[in-house]
Amino acid sequence: MKIIIRSIYSNPPAHGARIASMCLNNRDMKAEWEDCVKEMHARIRRSRSYLHTALRTCNVPGSWDHILAQNGMFSYTGLTKAQCELLIEKHHVYLLKSGRISMCGITQENAKHVATSINDAILNAKEN
């Protein structure tokens, strides 16, 4: 099974490349794609700002400036495995146990919940 899966990931179908080529070589389609990428980038930056503001407003221990300094769809929180497990099990805030969280899931509406949950995890997680 692993061999089959590996070959699929390592050798993606050519039709995806043809679609990308068609879009990127058409002026109107490329402009629309660029607008979408800019919009997505701005949305992720806003998500980072929402979380950073909520963490500071809730007086969560630590410096959270790295949330703003990082780029991309994911952010390393610096939380321990035990803290991440508490977030997942108690608060239903889902992230990798390495502390890596998807910024795309952070909204203005849920940033305070995430921040207060992180605060609880920092203060109450029992390290193994």
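Number of residues in region 46-67 that are closer than 13 Å to THR116 by Cα and touching a strand residue (DSSP E or B) at 6+ places or on another chain (Cβ under 6 Å) equals 0. For ARG48, indicate whether it is charged (D, E, K, R) and in contact with a helix residue (DSSP H, G or I) (Cβ under 6 Å, 6 or more places away or on another chain). Yes. Among residues of region 108-128 that are of a type in the set (D, E, K, R), those with a Cβ under 9 angstrom from a residue that is assigned to a loop (DSSP other than H, G, I, E, B) and at pLDDT 95 or above, sequence gap 6+ or separate chain, pair up as LYS112/CYS58; GLU127/THR80. In the condition set (1) on the phi < 0 side of the Ramachandran plot; (2) under 17 Å from the mean Cα position of the chain (by Cα); (3) free of Cβ contacts under 8 Å to residues at least 24 places away in the same chain, ILE101 is compliant with all but (3). For region 101-128, the candidate set comprises residues that are surrounded by fewer than 16 Cβ atoms within 10 Å (Cβ to Cβ) and hydrophobic (A, V, I, L, M, F, W, C); within that set, the residue that is farthest from GLN70 (Cα to Cα) is LEU123. Listed by position, the helices (runs of 4 or more DSSP H) enclosed by region 1-71 that each have at least 2 residues that are farther than 21 Å from ARG100 by Cα and open to solvent by 50 Å² or more (accessible area, probe 1.4 Å) are 2-10, 14-24, 27-57. Please pick out the residue among HIS52, HIS41 that is closer than 27 Å to ILE106 by Cα and touching a Leu at 6+ places or on another chain (Cβ under 8 Å). Of HIS52, HIS41, the one residue that is closer than 27 Å to ILE106 by Cα and touching a Leu at 6+ places or on another chain (Cβ under 8 Å) is HIS52. Taking the criterion of being in contact with a helix residue (DSSP H, G or I) (Cβ under 6 Å, 6 or more places away or on another chain) and in a loop (DSSP other than H, G, I, E, B), the residues of region 72-93 that qualify are MET73, VAL93. Among the residues making up region 95-126, a single one is in a strand (DSSP E or B) and either touching an Asp or Glu at 6+ places or on another chain (Cβ under 8 Å) or of a type in the set (S, T, N, Q) (or both): SER102.
The values are calculated or read from the model by the stated rules, or taken from the named source; none is laboratory data. Computed from a prediction, not measured in an experiment: that's the story for all the values here. Backbone-built Cβ (ideal geometry, glycine too); neighbour counts: all protein chains shown. Areas reflect the complete protein model, heavy atoms only, side chains present, ligands, DNA and RNA absent. Shrake-Rupley method; radii C 1.70, N 1.55, O 1.52, S 1.80 Å.
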